[in-house]
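Step one of this worksheet: look at the structure below.
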Amino acid sequence: MEREDIKSIIESLLFVADGPLTLHRIQEVIDSTSKEEILSIINELQEELESNRRGVRLVEVAGGYQMRTAKVNADWVKKFLGGRPARMSRATLETLAIIAYRQPITKAEIEAIRGVDVDGVINTLLERDLIRAVARKDVPGRPFLYGTTQQFLELFNLKDLSHLPTLKEMEDINLPNIEEEIPVESTDEH
């Protein structure tokens, strides 16, 4: 199979995938092609989309690759889709940050850090598929240990947890007024 044919197939797979597509999954579909060649083609596609100022970008996120709206077009896409983006309250965002940085962590440990009950917030994060129970802690009562999900990585446009901002990077970020609700929808989503 010629390289341009493989590129076309990969582009089609990325277009129809309902989430990030892993290199391994692409190779399962195009089994006659090595992972190295697939990665080379993905890099080529990324460069083409970026350099030609196309409306989509190919980004590495949540352990795979996904087509996403170019940031410069995000407002137009939001206008087209209508409605407001999903929002996250300060309490929800704080709890999610604690889980992301301290995972796996129990509800009691989160409450000790935050100083308030987090039952409702935990339920909201579970419903939004941003966290999940990953295990039970080996202590009396065997409480659930919580961790983040692939959906969390996708929402915050992270390749993996090692790409969470450091404390120094967080200090440099100009955060919005935390008294208002904080949007969590990335501006470069599809």
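Details
- Amide H contacts of A62: L158, K159, D160, each under 5 Å away and 5 or more positions distant or on a separate chain (H built 1.01 Å from N in the peptide plane; Pro and chain starts excluded).
- Note on the chain: with a GNM built from Cα contacts shorter than 10 Å, the maximum mean-square fluctuation among L81, L125, L167 falls on L167.
- Shown is the FRET efficiency for T22 and V72, computed with R0 = 25 Å from the Cβ-Cβ distance and rounded to the nearest 0.05: 0.35.
- Applying 0.36 nm per residue to the separation of E4 and R114 and subtracting their alpha-carbon distance, the gain on full extension is 34.3 nm.
- Non-local Lys pairs in the chain, i.e. 8 or more apart or on different chains, that have alpha carbons under 21 Å apart: 6
- Helix 90-102 axis versus longest C-alpha principal axis of the chain: approximately 70°, rounded to the nearest ten.
- Extension gain (nm, one decimal) between K137 and K168, 0.36 nm per residue minus Cα-Cα: 8.1 nm
- For segment 65-128: rounded, prolate or oblate by the Cα gyration tensor [a/c cutoff 1.5]: prolate
- Helices in the chain, meaning DSSP H runs of at least 4 residues, each add -39500 (n - 2.57). Divided by all residues, the mean residue ellipticity at 222 nm is -13500 deg cm²/dmol.
- Options [x] 1.03; [y] 0.98; [z] 1.37 - which one matches Rg/Rh (Cα atoms, Kirkwood Rh) as calculated here: [x]
- Residue-by-residue Karplus 3J(HN,Hα) for segment 13-29, coefficients 6.51, -1.76, 1.60, Hz, glycine and proline x: 4, 5, 5, 8, 5, 8, x, x, 9, 7, 4, 4, 5, 4, 5, 4, 6
- Under a Gaussian network description of the chain, with springs only between Cα atoms under 10 Å, the residue in R68, R102, R132 that fluctuates furthest is R102.
- In the chain, Cα pairs under 8 Å separated by at least six residues give a relative contact order of 23 percent.
- Tensor-based shape of segment 1-49 (alpha-carbon gyration tensor, a/c under 1.5 rounded, otherwise prolate or oblate): rounded
- Cα-only radius of gyration and Dmax that characterise segment 76-171, units Å: 14.8, 53
- Net lengthening on full extension, L93/L126 (0.36 nm per residue, minus Cα-Cα): 10.6 nm
Every number in this text was worked out from the coordinates using simple rules, so none of it is lab data. Here the structure is a predicted model, which is why all the values come from computation and not from measurement. Positions of Cβ are generated from backbone atoms using ideal geometry, with glycine treated the same way; all protein chains shown enter the neighbour counts.
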